[in-house]
Amino acid sequence: MSLVELIAQADERGLAASGLACLDRCVPLLGGDDEVLRPMWASIADGSEWTAGLEKARGALGPAQAGEDEAEHLAHRMLDAAPAERTAEAIRAWADACSVASLRIHRLLDPAAGDGSSADGLEAGRADGVAADVSPLVAAELRRQVVVLELLAEHGTNGLRRALDVSVEGRRVLQAVVSRRARSRG
């Protein structure tokens, strides 16, 4: 099943995990540590209220700053757009927006993608679940998004731990890319 189909069929918990996983993988752009989104992950697992975790994350990661590049701006938009109430309608719109933003961020940061200005391959990969004509970093992000949604669809709450593991792996990859980019700029 394609990513678009998986998002369309996901329940509220799967959508919350999908959006949060996209944001989690992009936390290195916001200067956050590995634990900043843990309370939100926990709220998905136990069904508790997630607003407090969201507010704590927003406080820790801070607002968007003047002079941010497009990738950092997109990551802040994901955080800012996270709904305070975890309703199915709000989470669905947020998860879809996070999916697009995260793929765009990975395209912008992938040295193999050139300048990241063309979204043709990205949209094709997103639409049919095949990432043959997208760069390696984007293809890996696309796979991670699909895996997270499949894990939640197949295993429900029991798939959350594995979904978090997939997200942590992606965060480490993006952290390496961000670090490499910072060294090349400085």
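A few points about this structure:
- Over the chain, accessible surface divided per residue gives 45 Å², non-protein components excluded, 1.4 Å probe.
- Relative pair counts by distance (%), Cα atoms of the stretch 1-58, 10 Å bins: 22, 49, 26, 3
- Helix-only mean residue ellipticity at 222 nm for the chain, each DSSP H run of n ≥ 4 adding -39500 (n - 2.57), per residue, nearest 500: -22500 deg cm²/dmol
- Spin-label proximity, Ala81 to the stretch 24-63 - amide N less than 13 Å from point 7 Å beyond Cα toward beta carbon: none
- With a simple spin-label model that places each label point 7 Å from the Cα along the Cα-to-Cβ direction, the separation between Glu154 and Arg172 comes to 2.1 nm.
- Here the chain is assigned +1 on the Cβ of each Lys and Arg and -1 on the Cβ of each Asp and Glu. Its dipole about the Cα centre then comes out at about 560 debye.
- Karplus-derived 3J(HN,Hα), 6.51/-1.76/1.60, for each residue of the stretch 153-167, Hz, glycine and proline x: 5, 7, 10, x, 4, 5, x, 5, 4, 5, 5, 5, 4, 4, 5
- Measuring nothing but protein heavy atoms, the accessible surface of the chain at 1.4 Å probe radius is 52 percent carbon and sulfur.
- Calculated FRET efficiency for the pair Glu70/Ser2, C-beta based, R₀ 30 Å, to 0.05: 0.70
- Summing Cβ point charges (Lys, Arg +1; Asp, Glu -1) relative to the Cα centre of the stretch 1-89 gives a dipole of roughly 100 debye.
- Here the gap between Asp11 and Arg143, fully extended at 0.36 nm per residue and compared with their Cα-Cα distance, gives a gain of 45.6 nm.
- Each Lys and Arg Cβ is given +1 and each Asp and Glu Cβ -1; about its Cα centre, the stretch 130-171 then shows a dipole of about 140 debye.
The values are calculated or read from the model by the stated rules, or taken from the named source; none is laboratory data. Since we're looking at a predicted model, the values are computed, not measured. Methodologically, a virtual Cβ is constructed for each residue, glycine included, from the backbone with ideal geometry; neighbour enumeration extends over all protein chains shown. The accessibility values were calculated without ligands, DNA or RNA, using every heavy atom of the protein model including side chains. Shrake-Rupley method; radii C 1.70, N 1.55, O 1.52, S 1.80 Å.
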